[in-house]
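The values are calculated or read from the model by the stated rules, or taken from the named source; none is laboratory data. Keep in mind that what you see is a predicted model, and the values were worked out from it rather than measured. Cβ: placed from backbone, ideal geometry, glycine included. Neighbour counts: every protein chain shown.
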Amino acid sequence: MKIAHARVGLILLATSMMLSGCLNLADASKAPAVVYYVLNDAAPAAVSPVTAGPSLRVLDTTTGNFYDTDQLVFSRSADTRGLYQFARWTERPGKRFADLMRARLDRQGSWNVSVGGYVRADWLLDTELVEFYHDAVSEPGQVRLVLRADVIDIKQRKLLGHRVFEQQVPLASYDAAAAAQASSLAVGRMLDDLSVWLASLK
């Protein structure tokens, strides 16, 4: 008799779990679709011709562990960070920023740009995305981008310049699409500042 009751209990438990699973699947089907955003350089396409300068080896841009993700990052208080659940980048920001930076420098024509490795070059550019997130302490918030940059003279083995850049771009609305758009604006302005600084080191 006890065995029969135990079997009935197991059957009821299994049925309950199956129903629960069905309900979870139904809820999951109603979840918003993940949207992928492309991080771009929002700078104007036209660039004035500039005399070519030293050859420049541009290393890949590094990021802290938390920012090394394809998810958009946000903050609702100064000492916290979170990840957007349904908003992602098509490429991780560090990799994408390095590609955009090389493309911008190439387009200017003022540098002979090479990718990191053992390619011979006069100077080396090392960058790090220190902060890159949607500061949502107050709505709609702003994108905050902080970049560290070091330029090294490879032949003379000395540091030519060190600088920390910062951009803050307000969002047009309180959502992921506006955060992505403001991020591209921040990147474009950051590349403006970086280009001017590099030219000043020649």
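Listed values, structure above:
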| read-out | value |
| --- | --- |
| Where a residue in region 168-183 is touching a residue at least 40 places away in the same chain (Cβ under 8 Å) and closer than 17 Å to Ala33 by Cα and its partner, wherever it lies, is part of a loop (DSSP other than H, G, I, E, B) and charged (D, E, K, R), with Cβ under 9 Å and at least six apart | none |
| Any hit, region 53-76, residues being surrounded by 10 or more Cβ atoms within 10 Å (Cβ to Cβ), modelled with pLDDT of 60 or more, farther than 30 Å from Ala178 by Cβ and among the small types (Gly, Ala, Ser) | yes |
| Failed criterion for Gln85 (all others in (1) part of a strand (DSSP E or B); (2) closer than 18 Å to Val58 by Cβ; (3) not acidic (Asp, Glu) hold) | (2) |
| Tally of residues being in contact with an Asp or Glu (Cβ under 7 Å, 6 or more places away or on another chain) and surrounded by 15 or more Cβ atoms within 10 Å (Cβ to Cβ) across region 162-183 | 1 |
| Residue within region 168-177 that is at pLDDT 95 or above and assigned to a helix (DSSP H, G or I) present | yes |
| Some residue of region 108-120 being assigned to a helix (DSSP H, G or I) and more than 22 Å from Phe66 (Cβ to Cβ) | yes |
| Yes/no for Val137 being under 15 Å from the mean Cα position of the chain (by Cα) and touching a residue at least 40 places away in the same chain (Cβ under 8 Å) | no |
| Unique match (being closer than 21 Å to Ala186 by Cα, within 21 Å of the chain's Cα centre (by Cα) and of a type in the set (D, E, K, R)) among Arg107, Arg148 | Arg148 |
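Here's the yes/no breakdown for (1) farther than 17 Å from Leu194 by Cβ; (2) in contact with a helix residue (DSSP H, G or I) (Cβ under 6 Å, 6 or more places away or on another chain):
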| site | (1), (2) |
| --- | --- |
| Arg104 | no, yes |
| Val113 | no, yes |
| Leu125 | no, no |
| His134 | yes, yes |
| Arg144 | no, no |
| Arg157 | yes, no |
